[in-house]
Amino acid sequence: MPSIIRFTPRFGRLCLALVATFICFSNPNDSGLASAQSKYQAPADAYQKGDFSTAFTLWIRLAEEGNRGSYYNLGNLYLKGRGVRLNLLEAYKWFLLADRAGLPQAKVALRRMNNVMTPADKKEANLRVLRWYDLHPKTRR
């Protein structure tokens, strides 16, 4: 004989609590994977449209979460002076962060920049990386 679930006040409160929890933790605008993809796609779209300052702002947010691709992209923005003032030292710092995070193309960028960076520049860039880690300890790998 199949069991029948009886609707009791206690069961009703449990159902109501579960529904309330679902509503509180769900976001109708957030469709999980699609939202995560758009989070990473948005700065690339802004970059493609030539809105470099928006791309910079979005990549900085991702960098603060430890996203290694954003480190590399920020390095390129500083290297080319797009959305930010051209700054080789900052570019080198971001490429160092990307390299330490294991992004292969960062090594290529660092090798290319080695010709224009002085030993003092490289030392300063390394200090900036350490400062970044101090301010954003969760990004340290």
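Got a sec? What order do 58, 110 fall in by accessible area at 1.4 Å, biggest, i.e. largest, first? Intermediate results must be reported in sequence, preceding the final value.
On the way: 58 45, 110 15 Å².
In descending accessible area the options line up as 58, 110.
Please identify every one of the trypsin sites (Lys or Arg not before Pro) in region 68-138 that sits in a loop by DSSP and has no more than 11 other beta carbons within 10 Å of its own beta carbon.
Values: sites: 68, 80, 82, 85, 93, 100, 107, 111, 112, 122, 123, 128, 131, 138; in loops: 82, 85.
For trypsin sites (Lys or Arg not before Pro) across region 68-138 that sit outside H, G, I, E and B with at most 11 neighbouring Cβ atoms in 10 Å, the list reads 85.
With labels modelled as points extended 7 Å from the Cα through the Cβ direction, what inter-label distance (nm, one decimal) is found for residue 51 paired with residue 123?
For the pair residue 51/residue 123, the computed spacing is 4.3 nm.
Within region 40-75, whose backbone N sits under 14 Å from a point 7 Å along Cα→Cβ of residue 116?
Answer for region 40-75: 75.
The values are calculated or read from the model by the stated rules, or taken from the named source; none is laboratory data. Quantities reported herein were computed from a predicted structural model and do not represent experimental measurements. Counting neighbours? That spans all protein chains shown, and the Cβs are built from the backbone with ideal geometry, glycine included. We work out accessible area using only protein heavy atoms, side chains counted, and drop any ligands, DNA or RNA first. Shrake-Rupley method; radii C 1.70, N 1.55, O 1.52, S 1.80 Å.
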